[in-house]
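Below: the structure, in structure tokens.
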Amino acid sequence: MKFAAVFSLPSVARILDLYFEDPQRDRAIAGVAHDAKVSYKTAKCAVGRLLKAGLLYKTRRVGKCEMFALNLQSDAFHSLIHPPLFKN
């Protein structure tokens with residue numbers, strides 16, 4: 001998935017910023033929505049895009065809530081942090 005498709009929503013950047021503040025912490029969608037000051041529906045859509053891009057992954061389930069964390073091992077994360085200067 002291309003980053004332009006992932007970041008077409010401004011809320012995606014706000015939500016990703018929350019995960020960068022504390023990369024080890026997992027969050028529920030309701031908590032993400034509250035902290036990013038977006039609606040639950042918007043947060044759910046943005047988390048879905050980040051999951052599909054490989055930037056987030058499901059960590060556990062607490063009651064009915066699924067928890068998501070930043071995928072520090074993914075290629076998408078590393079290309080976001082250290083973008084390639086030249087394409088081969």
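Over all pairs of distinct alpha carbons, what does the Kirkwood formula give as the hydrodynamic radius of segment 11-81, in Å?
Details: mean 1/r = 0.0839 Å⁻¹.
Over segment 11-81, the inverse of the mean reciprocal pair distance is 11.9 Å.
Which of the trypsin sites (Lys or Arg not before Pro) found in segment 26-83 are in a DSSP loop and have at most 11 neighbouring Cβ atoms, other than their own, within 10 Å? Provide the component values of the computation, followed by the final result.
Details: sites: Arg27, Lys37, Lys41, Lys44, Arg49, Lys52, Lys58, Arg60, Arg61, Lys64; in loops: Lys37, Lys64.
Sites meeting the loop and neighbour criteria: Lys37, Lys64.
Every read-out reported here was derived from the displayed coordinates using simple, explicitly stated rules and does not represent laboratory data. Given the structure is predicted, the values throughout are model-derived calculations rather than measurements. In this analysis, Cβ positions are derived from the backbone assuming ideal geometry, glycine residues included, and neighbour counts consider all displayed protein chains.
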